[in-house]
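Enquirer: Just passing along the structure, written as structure tokens.
The values are calculated or read from the model by the stated rules, or taken from the named source; none is laboratory data. Computed from a predicted structure; not experimentally measured. Reconstructed Cβ throughout: ideal geometry from the backbone, glycine too, with neighbour counts over all protein chains shown.
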């Protein structure tokens, strides 16, 4: 069973106009978070959900990754320190060397940039996501916000797949999940559409079932009020139809009594360690 968490901390902030994230929204800029999740489980040890966005420079064949540099200039995220992952873990009394497992929900740059700072961690990810990253060209990956240059050189040596876990029933409208902790306390749930293999992490045995729905949308309001944005935000979807079905799945879970957090929602949650953070 889980012995600590889940908790979340923020590694960077990205100001984006509400109208780009919420149908009928205003031009007010919202400070989108880039969250990293944490929990401890006797089997998995100290575990992170994704690795956040960091400042480490990625390289390809010993040279700077120019595609990643262009991506960063376009997105312009604001990291909260020179070591946002390390500083977040300090809030938990941990160091980066204490992390035993990292669950990657998908391979967008803001979810994997910290992996290079976690050299001893076992890594779990969706097999479909890894297969797509390997099959696509560098340019195709870059256009989808995916950069293999952010991965540690020994990534495959430490890699396991979420799909290798037993299939079990997830709670309240989520369908099947993968029992990655072998006791039903932590489930990987398919939430396709945002990117190939995009996955949420469910904690069904908490007092209130909890779903980290990752990037199913940017704002929880968009999910609950059926106000998902159209163009140009919809261009980011890997598959719009699947994305909308995933949104509906998360909405039914929440309306059925489940608790939901999204990676980028600026609204603080009880599980956030830095709820009062300022951009």
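Enquirer: Can you tell me which of (1) touching a helix residue (DSSP H, G or I) at 6+ places or on another chain (Cβ under 9 Å); (2) at pLDDT 95 or above; (3) farther than 27 Å from residue 93 by Cα; (4) crowded, with 21+ Cβ neighbours inside 10 Å is the one residue 265 doesn't meet?
Expert: So residue 265 meets the others, but not (3).
Enquirer: Of all residues in the range 23-48, which are in contact (Cβ under 8 Å) with a residue 12 or more places away in the chain, in contact with a strand residue (DSSP E or B) (Cβ under 7 Å, 6 or more places away or on another chain) and more than 15 Å from residue 265 (Cβ to Cβ)?
Expert: 38, 39, 40, 41, 42, 44, 45, 46, 47, 48
Enquirer: Counting just the residues of the range 68-87 that are within 16 Å of the chain's Cα centre (by Cα) and assigned to a helix (DSSP H, G or I), which one comes out surrounded by the most Cβ atoms within 10 Å (Cβ to Cβ)?
Expert: Top of the filtered list is 85.
Enquirer: Take the conditions farther than 22 Å from residue 28 by Cα, surrounded by fewer than 24 Cβ atoms within 10 Å (Cβ to Cβ), modelled with pLDDT of 95 or more and touching a helix residue (DSSP H, G or I) at 6+ places or on another chain (Cβ under 9 Å) and apply them to residue 251. Does it pass?
Expert: Taking the combined requirement at face value, the residue satisfies it.
Enquirer: Within 20 Å of residue 100 (Cβ to Cβ) and surrounded by fewer than 20 Cβ atoms within 10 Å (Cβ to Cβ): which single residue out of 116, 148, 135 fits that description?
Expert: Result: 116 is the single residue among 116, 148, 135 that is within 20 Å of residue 100 (Cβ to Cβ) and surrounded by fewer than 20 Cβ atoms within 10 Å (Cβ to Cβ).
Enquirer: Is it fair to say residue 197 is surrounded by 18 or more Cβ atoms within 10 Å (Cβ to Cβ) and within 26 Å of residue 133 (Cα to Cα)?
Expert: Here the answer is yes, as residue 197 does meet what is asked.
Enquirer: Does the range 257-265 contain any residue that is over 23 Å from residue 12 (Cα atoms) and out of contact with any strand residue (DSSP E or B) (no Cβ under 9 Å at 6 or more places or on another chain)?
Expert: Taking every residue of the range 257-265 in turn, at least one turns out to be over 23 Å from residue 12 (Cα atoms) and out of contact with any strand residue (DSSP E or B) (no Cβ under 9 Å at 6 or more places or on another chain).
Enquirer: In the range 49-58, how many residues are touching a strand residue (DSSP E or B) at 6+ places or on another chain (Cβ under 9 Å) and either surrounded by fewer than 21 Cβ atoms within 10 Å (Cβ to Cβ) or modelled with pLDDT under 95 (or both)?
Expert: Of the residues in that region, 6 qualify.
Enquirer: Name, by its number, the condition in (1) closer than 30 Å to residue 133 by Cα; (2) without any contact (Cβ under 8 Å) to a residue 40 or more places away in the chain; (3) outside any helix (DSSP H, G or I) that does not hold for residue 234.
Expert: All conditions pass for residue 234, except number (3).
Enquirer: Return only the number of the condition from (1) at pLDDT 90 or above; (2) in contact with a strand residue (DSSP E or B) (Cβ under 9 Å, 6 or more places away or on another chain); (3) more than 25 Å from residue 196 (Cβ to Cβ); (4) surrounded by 15 or more Cβ atoms within 10 Å (Cβ to Cβ) that residue 106 does not satisfy.
Expert: Residue 106 satisfies all of (1) at pLDDT 90 or above; (2) in contact with a strand residue (DSSP E or B) (Cβ under 9 Å, 6 or more places away or on another chain); (3) more than 25 Å from residue 196 (Cβ to Cβ); (4) surrounded by 15 or more Cβ atoms within 10 Å (Cβ to Cβ) except (3).
Enquirer: If you don't mind, another one. Can you pull out the residues in the range 88-117 that are assigned to a helix (DSSP H, G or I) and in contact (Cβ under 8 Å) with a residue 40 or more places away in the chain?
Expert: Within the range 88-117, 88, 89, 98, 109, 110, 111, 112, 113, 114, 115, 116, 117 meet the criteria.
Enquirer: Give me the residue from the range 151-188 that is part of a strand (DSSP E or B) and in contact with a helix residue (DSSP H, G or I) (Cβ under 8 Å, 6 or more places away or on another chain) and, out of that set, surrounded by the most Cβ atoms within 10 Å (Cβ to Cβ).
Expert: Of everything passing the filter in the range 151-188, 188 is surrounded by the most Cβ atoms within 10 Å (Cβ to Cβ).
Enquirer: Since residue 138 meets every condition but one in (1) more than 15 Å from residue 155 (Cβ to Cβ); (2) out of contact with any strand residue (DSSP E or B) (no Cβ under 9 Å at 6 or more places or on another chain); (3) modelled with pLDDT under 95, which condition does it not meet?
Expert: Of everything listed in (1) more than 15 Å from residue 155 (Cβ to Cβ); (2) out of contact with any strand residue (DSSP E or B) (no Cβ under 9 Å at 6 or more places or on another chain); (3) modelled with pLDDT under 95, residue 138 misses just condition (2).
Enquirer: When the range 254-269 is examined, which residues are found to be more than 19 Å from residue 31 (Cβ to Cβ) and not in a strand (DSSP E or B)?
Expert: Selection gives 254, 255, 256, 257, 258.
Enquirer: Are any residues in the range 203-214 free of Cβ contacts under 8 Å to residues at least 60 places away in the same chain, surrounded by fewer than 24 Cβ atoms within 10 Å (Cβ to Cβ) and within 19 Å of the chain's Cα centre (by Cα), and if so, which ones?
Expert: Listed by number, the residues that qualify are 204, 209.
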